[in-house]
Amino acid sequence: MQPGKRLVGKVAIVTGGASGIGAETARMFAQHGAKVLLTDSNAALGKSVAKEITDTGGTAMFATQDVRDEAQWAATVAQAEKSYGRLDILCNIAGISGRDPKLNIQTTVTAGPRLAEQTLEQWNRVMEINATGVFLGTKAAIAAMQRAGGGSIINISSICGIIGSHANAAYHASKGAVRIFSKAAAIQYAPDKIRVNSVHPGFVDTPMTRPGHSNPEVAKYRLDVTPLGRFGTPADIAAGCLYLACDESSWVTGSELVIDGGMTAN
Ligand SMILES: NC(=O)c1ccc[n+]([C@@H]2O[C@H](COP(=O)([O-])OP(=O)(O)OC[C@H]3O[C@@H](n4cnc5c(N)ncnc54)[C@H](O)[C@@H]3O)[C@@H](O)[C@H]2O)c1
């Protein structure tokens with residue numbers, strides 16, 4: 001491993017790569033020498049992130065993908081192997097908060113919808129993208145990682161996968177599912193040297209959180225419960241993904257990396 005180049009020779013798929021934490025993770029992986037296939041349902045933004053990476057000397061390409069679609073997962077993994085020869089890293093980052101803008105203009109610290117107002121359709125959408133998408137991605141990557149002799153799967157959960165709050169219960173449920181799914185997958189595939197870990201960001205400044213954080217009352221509440229006193233940046237989370245992706249973490253599997261400014265230590 002060259003200093004400052006912790007992913008040389010590795011091939012990574014990063015979902016949610018068009019925005020926020022996913023875009024920064026794709027950039028950081030490429031800076032560290034990985035060849036990156038970044039995917040997202042937002043093609044325009046995703047293409048611009050891939051172009052930015054290649055324009056600055058990195059290796060990356062973009063593919064449109066809905067993480068809920070099993071056939072698209074097969075195609076994505078096939079594209080990584082065909083274009084870059086192997087698959088070493090899968091970072092499942094795509095996700096939604098599930099807030100219904102009509103029900104939840106976030107005017108208070110109590111994010112909705114509350115359970116009694118939550119429709120089955122809203123619940124299913126959050127679970128399908130945030131939890132089923134992670135299952136389908138992990139499933140699709142296994143054979144390719146076995147061919148590569150091992151790999152690292154990094155599943156983005158949340159502090160909401162560890163603790164409860166007033167926020168959307170479907171979001172909590174989906175992120176809790178990611179946490180414990182990752183441990184089960186880690187145990188099943190440890191003999192194949194495929195590591196599976198979850199990452200648990202606290203309040204990070206991204207397009208997902210901006211509608212809430214632009215309300216001073218919400219921002220103040222969230223900063224007050226974050227001992228380090230600032231919002232996380234996408235780079236704070238990408239750095240954790242980088243550690244779990246590279247060989248420095250070769251003895252780490254089934255773990256949960258909390259990156260939250262101390263929020264859940266309270
Ligand atoms: N921002 C935070 O404070 C925070 C905290 C904890 C966890 N997370 C998690 O981090 C991940 C990234 O969030 P972010 O804050 O960068 O948000 P973001 O909205 O900036 O990025 C999410 C990306 O996922 C993509 N996406 C949504 N549905 C998709 C689908 N069906 N198929 C493919 N792509 C899809 C979106 O197009 C978007 O580019 C999410 O899983 C989120 O739940 C974020």
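The values are calculated or read from the model by the stated rules, or taken from the named source; none is laboratory data. Because the structure is a prediction, the values reported are computed rather than measured. Here the Cβ positions follow ideal geometry from the backbone for every residue, glycine too, while neighbour counts run over all protein chains shown.
Take the conditions under 18 Å from the mean Cα position of the chain (by Cα) and more than 8 Å from the ligand (Cβ to nearest atom) and apply them to Leu45. Does it pass? Taking the combined requirement at face value, the residue does not satisfy it.
To keep it simple, each residue is scored yes or no on (1) away from the ligand (no atom under 16 Å from the Cβ); (2) among the charged types (D, E, K, R); (3) modelled with pLDDT under 95.
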| residue | (1), (2), (3) |
| --- | --- |
| Gly17 | no, no, no |
| Thr64 | no, no, no |
| Gly95 | no, no, no |
| Lys102 | yes, yes, yes |
| Thr119 | yes, no, yes |
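Only a single criterion out of (1) within 19 Å of Thr25 (Cα to Cα); (2) surrounded by fewer than 22 Cβ atoms within 10 Å (Cβ to Cβ) is not satisfied by Gly262, namely (1).
Does Pro191 satisfy the condition of being surrounded by fewer than 16 Cβ atoms within 10 Å (Cβ to Cβ), under 15 Å from the mean Cα position of the chain (by Cα) and more than 20 Å from Gly262 (Cα to Cα)? So Pro191 does not fit the description; no. The combined condition, being within 16 Å of the ligand (Cβ to nearest atom) and buried (at least 18 other Cβ atoms within 10 Å of the Cβ), is fulfilled by Cys241.
Looking only at helices (runs of 4 or more DSSP H) that lie completely in the range 180-266, which have at least 1 residues being under 16 Å from Ile93 (Cβ atoms)? Show your work before the answer.
Numbers: elements: 210-213, 216-224, 234-245.
In the range 180-266, 234-245 are the helices (runs of 4 or more DSSP H) which contain 1 or more residues that are under 16 Å from Ile93 (Cβ atoms).
When the range 29-60 is filtered for residues that are closer than 24 Å to Gly149 by Cβ and hydrophobic (A, V, I, L, M, F, W, C), the ones remaining, listed by number, are Phe29, Ala30, Ala34, Val36, Leu37, Leu38, Ala60.
Is it true that Gly4 is more than 8 Å from the ligand (Cβ to nearest atom), over 23 Å from Met127 (Cβ atoms), surrounded by fewer than 24 Cβ atoms within 10 Å (Cβ to Cβ) and modelled with pLDDT of 95 or more? So Gly4 fails the test.
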